[in-house]
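The values are calculated or read from the model by the stated rules, or taken from the named source; none is laboratory data. As the structure is a computational prediction, the values presented were derived from the model and not from experiment. All Cβ positions, even for glycine, are placed from backbone atoms using ideal geometry, and neighbour counts span all protein chains on display. The protein model used for the area step is the full one, side chains on, heavy atoms only, and it has no ligands, DNA or RNA in it. Shrake-Rupley method; radii C 1.70, N 1.55, O 1.52, S 1.80 Å.
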Amino acid sequence: MLTLAIETSNPSNPGPGAPAVALGRRGEDGTVVLLALERVAASSREHDDLTPAIARVLAAAGVAAPALSRVVVSIGPGGYTSLRMATVTGQMIAEATAAAVVAVPSAMVVAQGAGDGPMAVALAGKKDAAYVTVFERGWAADIATHGPSWGQLMTAADVSALAVERLLADEHVPITILHAARERGMLVDKPTFDAAALLRLGCLLPPIPIERLVPEYGREPEAVTLWRARGTGGAARSS
């Protein structure tokens, strides 16, 4: 099963978890072999490197796109534009190649690379809350049966009440949550969004219909909130 994994959910993440695409194959014994990995350069108004990076990773492995069996996308929470680009690209490749699509919450990618639980992954922080996903000990053993792990918005009080030993939190998580976690004795680390970890998860999780490959923002995007507010305001002025 030849699988392409797209992990560009958090483009500002530095280091080994920088945006990348990975190509691998799952054998009959269930092991996943990484065939190639390509970094995705930062985008600009004039250039986006996602599609070229996919072309490079396919060329590095000596395979063509029609040979793909699965396209796996890290769907967030993360960057608004990067998630839209990744999911649309995944849909287009799947449509063109008849490959199955798999959506993986980005918190699962972080947890996959962080070892066993119990732990919590906090992303998409804003004001006094963040989107937090909890992973119990042994969470990875039954991925194929239980499917994706989803989070919910939590405040500092919610996080403090969690029975976990570690909190992996990105730079957007409110300082109140970080303080609460440390006061509870949690080890606080930064998350890593690893394309190879996404690849392993994508070979285990069940595929979904192409139209369901959409971003998970963790909360309503601010642009949508502003649009609703302007719409309400317009209606109020015209009444």
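General observations
- Long-range neighbours under 9 Å by Cβ, at least six apart or interchain, first residue touching a residue at least 60 places away in the same chain (Cβ under 8 Å) within region 210-229, second part of a loop (DSSP other than H, G, I, E, B) and hydrophobic (A, V, I, L, M, F, W, C): LEU213/ILE75; VAL214/ILE75; PRO215/ILE75; GLU216/ILE75; GLU216/TRP150
- Only one entry in SER160, SER149 is in contact with a strand residue (DSSP E or B) (Cβ under 8 Å, 6 or more places away or on another chain) and among the hydroxyl-bearing types (Ser, Thr, Tyr), namely SER149.
- Residues in region 82-104 include at least one that is in contact with a Ser or Thr (Cβ under 9 Å, 6 or more places away or on another chain), assigned to a loop (DSSP other than H, G, I, E, B) and in contact (Cβ under 8 Å) with a residue 60 or more places away in the chain.
- Matching option when the condition is assigned to a strand (DSSP E or B) and open to solvent by less than 30 Å² (accessible area, probe 1.4 Å), among ALA181, ALA130, ALA196: ALA130
- When region 135-155 is limited to residues that are touching a Ser or Thr at 6+ places or on another chain (Cβ under 8 Å) and buried (at least 20 other Cβ atoms within 10 Å of the Cβ), the one that is nearest to PRO11 (Cα to Cα) turns out to be GLY151.
- The set of residues from region 31-78 being hydroxyl-bearing (Ser, Thr, Tyr) and either assigned to a loop (DSSP other than H, G, I, E, B) or over 19 Å from ALA103 (Cα atoms) (or both) comprises THR31, SER43, SER44, SER69.
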